[in-house]
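The structure appears right after this line, and notes come after that.
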Amino acid sequence: MSMTNYTASPRSGAMAMASQSEPKIVELPPDTDTNAPDDAKIDELVSQWEKLRYVPKAGEPELPPQLSQFTEKSTDEVMKELNRLPFFMTELDETDGDKGENAELEALRQLAYDGEPDEVATNFKNQGNDCYKAKDYKNAIAYYTKGLEVECDVPAINVALLINRAACNLELKNYRRCINDCKQALLLDDKNIKACFRAGKAFFKVERYEEALQIVDYGLSIDAENASLKQLKKEITDKQQQIAAAKERKEREQKLAEMKRSILANSIKMRHIEIVRTRDVPEMLEDAKIRLEDDKDYQSQLIFPAMVLYPTIDEFDYIAEIGELTTPLEILEMLLNRPREWFEDPKHKNFTVKKLQVFMETMTGGLVKVGKKIAVNEALMNESPKAPLFDNALRLYVVPSDDVDSWIGSWNKQQALSKRKN
């Protein structure tokens, strides 16, 4: 049994036939719309539009009265007018555009306070909660504050407003305000766990650990298994232990440093070494320090810097550290280990170990010759004449033998003393 497919043409009403084995498709004309409404429906819609359309009568404006006031205004001016309507408002405008009050906005504000105090406070609380969920903490605080200003007689509502405002203040790091809100909440509800937790957290943030621990322990006395309070208590006690350990370590370090200073001072005193301070300290000696080779053993070798002056050629060398058992000979051998070109300079002609003599300045402002083969501590410990350290450093004057007499003759004892601090 064969079947026949039919395709109807809506325009002509003609019918084409095709067998199942050889189907034929009859194309519709290009301007045909199978979903278009019929003429009767179109006419009905046009009729309704005509009834609603504004058609000015004689003497009436070309635009509807509601729009005619905008014909002479720019786009910006029209947008400003719309912004005064609460529905279209994108920024707060409390005027009517003529320095008067925005009546629509004021009416909406009054609606916020329409109802019983507990209803109004609850409404502000809900708005604050919405802001809190959106992390808009400042506006949330504003709503919670408005709710509290209503002064409703329902303690539960006021407690909720206080602890919610405390949560916002905690997020904004207004820790003292958070603490005050929690205190007020606990005056109304002394078993409020959230108030205990938030106050404890705020106390912790301002490093008032004892108070933080007290409020958290109080909360745990109400709810011993509260996970948040238990975790916060652990953070507080851990921090207290860290602080105690750091304090103990600092005290230990201070005692050790004091012990080392005492050992060093006694070591210098036992050697009868004097230290003179000068008025014009050389830059490299501003932070000069004396130390012991073993800072816990007063008998170990003293270590200090050295200034080696060559007064006849107005030059000097600086040595960062030498030991008290070092000899002037060892110092000279180290310093004169220089390139050949240095000795070719005429002013360095006599600068050889054999042709140089070493002197130190005494406590009285004079000079004393120092043997090149004796340790410098012998000169420092010698009672008379007494040669001191200057600004925590050894000071040696090195002069060629040929120039010693003229240099000593030019030495001014009073001038030397005037350079020292009293």
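Just a yes or no: is a residue in segment 260-274 out of contact with any Cys (no Cβ under 6 Å at 6 or more places or on another chain), outside any helix (DSSP H, G or I), open to solvent by 60 Å² or more (accessible area, probe 1.4 Å) and under 26 Å from residue 383 (Cα atoms)?
First, the residues of segment 260-274 that are out of contact with any Cys (no Cβ under 6 Å at 6 or more places or on another chain): 260-274.
Filter once more, keeping what is outside any helix (DSSP H, G or I): 271-274.
When the remaining residues are screened for being open to solvent by 60 Å² or more (accessible area, probe 1.4 Å), the result is 272, 274.
Cutting the leftovers down to under 26 Å from residue 383 (Cα atoms) gives us 272, 274.
There is at least one residue in segment 260-274 that is out of contact with any Cys (no Cβ under 6 Å at 6 or more places or on another chain), outside any helix (DSSP H, G or I), open to solvent by 60 Å² or more (accessible area, probe 1.4 Å) and under 26 Å from residue 383 (Cα atoms).
State which residue is most open to solvent (accessible area, probe 1.4 Å) when the search covers only segment 328-366 and only residues that are under 22 Å from residue 391 (Cβ atoms) and polar (S, T, N, Q).
Among them, the one singled out is 364.
Is at least one residue of segment 284-291 among the β-branched types (Val, Ile, Thr) and not assigned by the TED database to the domain that holds residue 356?
No, every residue in segment 284-291 fails to be among the β-branched types (Val, Ile, Thr) and not assigned by the TED database to the domain that holds residue 356.
Could you pull out the residue among 218, 209 that is more than 19 Å from residue 177 (Cα to Cα), surrounded by 10 or more Cβ atoms within 10 Å (Cβ to Cβ), assigned by the TED database to the domain that holds residue 155 and aromatic (Phe, Trp, Tyr)?
Within the list 218, 209, the selection yields 218.
When only residues in segment 158-178 that are part of a helix (DSSP H, G or I) and more than 19 Å from residue 133 (Cβ to Cβ) count, which is least open to solvent (accessible area, probe 1.4 Å)? Before the answer, list the steps.
Within segment 158-178, the first condition is being part of a helix (DSSP H, G or I), and the residues that meet it are 158-171, 175-178.
Applying the additional criterion that residues be more than 19 Å from residue 133 (Cβ to Cβ) yields 158-159, 175-177.
On the way: 158: 25, 159: 10, 175: 40, 176: 146, 177: 153 Å².
It comes out as 159.
In the list 224, 199, which residue meets the criterion of being free of Cβ contacts under 8 Å to residues at least 60 places away in the same chain, outside the structural domain of residue 385 (by the TED database), surrounded by 19 or more Cβ atoms within 10 Å (Cβ to Cβ) and touching a helix residue (DSSP H, G or I) at 6+ places or on another chain (Cβ under 9 Å)? I'd like the intermediate steps shown before the answer.
Numbers: 224 fails: surrounded by 19 or more Cβ atoms within 10 Å (Cβ to Cβ).
Result of the check over 224, 199: 199.
Of the numbered conditions (1) open to solvent by 20 Å² or more (accessible area, probe 1.4 Å); (2) within 24 Å of residue 272 (Cα to Cα); (3) aliphatic (A, V, I, L, M); (4) free of Cβ contacts under 8 Å to residues at least 60 places away in the same chain, residue 381 fails exactly one; give the number of that condition.
The number of the failed condition is (4).
Just to be sure I understand the filter: pairs with C-beta atoms under 9 Å, separated by 6 or more residues or on different chains, first member in segment 356-374 and over 21 Å from residue 275 (Cβ atoms), second member of a type in the set (Lys, Arg). Which pairs pass?
Cβ pairs passing all conditions: 356/372; 357/369; 357/372.
Within segment 391-415, which residues are surrounded by 14 or more Cβ atoms within 10 Å (Cβ to Cβ), charged (D, E, K, R) and under 16 Å from residue 355 (Cβ atoms)?
The answer is 403, and nothing else.
The values are calculated or read from the model by the stated rules, or taken from the named source; none is laboratory data. Quick caveat: nothing in here was measured; it's all calculated off a predicted structure. Positions of Cβ are generated from backbone atoms using ideal geometry, with glycine treated the same way; all protein chains shown enter the neighbour counts. When the accessible area is computed, the model is the full protein with side chains, heavy atoms only, and any ligands, DNA or RNA have been set aside. Shrake-Rupley method; radii C 1.70, N 1.55, O 1.52, S 1.80 Å.
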